[in-house]
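Read through the structure below, which is laid out as structure tokens, and then see the notes.
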Amino acid sequence: MGLQTVFRAVIMGAPGSGKGTVSSRIVQSFGLKHLSSGDMLRANIEAKTDLGLLMKSCIDQGQLVPDDVISRLILSSLRGIEQTSWLLDGFPRTVAQAEALDAVCDVDSVINLDVPFQTIRERLTSRWVHLPSGRVYNIDFNPPKKPGLDDVTGEPLVQRDDDSPETVSRRLKDYERQTQPVLEYYRSKGVLETFSGTETNKIWPHVHAFLTRKIPGTQQAMGKA
Ligand code: G5P
Ligand code: MG
């Protein structure tokens, strides 16, 4: 039937392009396991692990952490979930990372969110996050039910240290220099699918339709419903 087939996807896009927002919709609709490199790093910082302490200043300044550190973290989380369909968010971000991932498995689809930088700059200054869960809010776009508090736990929301305008500019520059080549890498493998726009609500139906075609079993399941 093909229903057991595992589906492996990567979501890419500049900082603030909506990877986290679209990922949570994908998880809800398709049940993929979401692995966010940024959420994992921030969890390590919160828990003050050795890795977290070592990487904090790097992340706060909007610089990428070293390839070997992040590749080890992500590849070790993928170990043991070989039979699970997943969605990687924030990794790979350099060609070296893409090659490290390729060495352990093939990626079926890469969803690329293409959002203008000006739109991104406006969004990130009004982003609030719940660090323990990675839930993301925006004062204009998806405000929390109670100002400053997470909808699910009621715990306080914070702004990320790397969301200041200067740091956002730096992250966007690094993205152009280090991450855009990864798009070429996947394009040449024939797995890249780009979705362009300025609003997540307009991009999402296209991502949903694309995944419905791609994920084994989805169409059959919908056809029967
Ligand atoms: P992260 O955590 O991977 P970024 O910089 O790639 O961080 P980020 O900032 O998390 O990406 P996103 O997930 O693409 O952005 O976007 P989002 O959070 O869903 O949406 C951004 C905001 O816009 C939110 O407030 C959301 O509500 C709002 N929004 C969404 N859609 C709309 C819309 O249609 N309209 C409006 N008005 N608002 C909207 O990485 C962080 C750091 O970790 C390290 C690096 O230091 C990195 O800088 N790191 C790595 N380093 C090396 N290699 C790796 N692989 C690394 N991964 C992480
Ligand atoms: Mg994110």
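What follows draws every value from the coordinates through simple rules; no lab data is involved. Everything quoted here is computed from the prediction, not taken from an experiment. Please note: Cβ atoms are built from the backbone with ideal geometry, for glycine as well, and neighbour counts cover all protein chains shown.
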How large is log10 I(q)/I(0) at q = 0.12, 0.21, 0.26 Å⁻¹ when the Debye formula is applied to the Cα atoms of the range 72-138, each weighted equally and without solvent?
-0.47, -1.06, -1.19
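Treating the beta-carbon of each Lys and Arg as +1 and of each Asp and Glu as -1, no other charges, what is the dipole magnitude of the chain about its Cα centre, to the nearest 20 debye?
Around 500 debye, computed over the chain.
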Mean separation of Cα contacts under 8 Å (at least 6 apart) over the residue count of the chain, i.e. the relative contact order in percent, is 29
Assuming R0 = 25 Å, what is the FRET efficiency of Ser169 and Arg79, from their Cβ-Cβ distance, to the nearest 0.05?
0.10
Hey, what did the range 1-103 get for relative contact order, percent, Cα under 8 Å, at least 6 apart?
41
At 7 Å along Cα-to-Cβ for each site, give me the label-to-label distance between Asp151 and Lys33 in nm.
2.5
Treating only the Cα positions of the range 144-205 as identical point scatterers, give the base-10 log of I(q)/I(0) from the Debye formula at each q in 0.19 Å⁻¹.
-0.99
I want the local charge near Pro156. Using Cβ-Cβ distances under 11 Å, sum +1 for each Lys or Arg and -1 for each Asp or Glu among the other residues.
-1
Under 10 Å from the Cβ of Gln61, count the other residues' Cβ atoms, weight Lys and Arg +1, Asp and Glu -1, and hand me the total.
-1
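Relative contact order for the range 145-225: what is it in percent, counting Cα pairs under 8 Å that are at least 6 residues apart? Don't skip to the answer; put the middle values down first.
Numbers: 20 pairs, mean separation 7.5, N = 81.
Contact order relative to length: 9 percent.
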Quick one: which of 120-128, 199-207 comes out on top by average Cβ neighbours within 10 Å, and what's the full order, highest first?
120-128, 199-207
Would you kindly derive the ³J(HN,Hα) couplings of the range 159-171 from the backbone phi angles with the Karplus curve 6.51 cos²θ - 1.76 cosθ + 1.60 (θ = phi - 60°), listing them in order in whole Hz, with x for Gly and Pro?
9, 6, 4, 9, 9, 6, x, 5, 5, 4, 4, 5, 5
Pairwise label distance in nanometres, Leu53 with Asp102, each label 7 Å out on the Cα-Cβ vector:
3.8
Nearest 500 deg cm²/dmol is fine: what mean residue ellipticity at 222 nm does the chain get from its DSSP H runs of n ≥ 4 alone, each adding -39,500 (n - 2.57), divided by its residue count?
-13500 deg cm²/dmol
In whole Hz, with x marking every Gly and Pro, tabulate ³J(HN,Hα) for the range 176-184 from phi via Karplus 6.51 cos²θ - 1.76 cosθ + 1.60, θ = phi - 60°.
4, 6, 9, 9, 4, x, 5, 4, 4
If Rh is defined by the Kirkwood formula over all Cα pairs and Rg also comes from Cα, what ratio Rg/Rh do you get for the range 104-194?
1.06
Mean Cβ-within-10 Å packing, highest first, puts peptides 18-28, 39-49 in the order 18-28, 39-49
Taking the reciprocal of mean 1/r across every pair of different Cα atoms in the range 1-80, the Kirkwood radius in Å is 14.4
The set of residues whose placed amide H lies less than 5 Å from the amide H of Asn112, leaving out same-chain residues fewer than 5 positions away, is Met12, Glu193, Thr194, Phe195
So if the hydrodynamic radius of the chain is defined as the Kirkwood radius over C-alpha pairs, what does Stokes-Einstein give as its diffusion coefficient at 25 °C and 0.890 mPa s, in µm² per second?
135
What is the sum of charges, Lys and Arg at +1 and Asp and Glu at -1, for the other residues whose Cβ falls under 12 Å from the Cβ of Ser133?
-3
About the Cα centre of the range 9-83, how large is the charge dipole given +1 on each Lys and Arg Cβ and -1 on each Asp and Glu Cβ? Please answer in debye to the nearest 20.
200
Extension gain from Arg177 to Arg25, taking 0.36 nm per residue of separation minus the Cα-Cα distance
51.8 nm
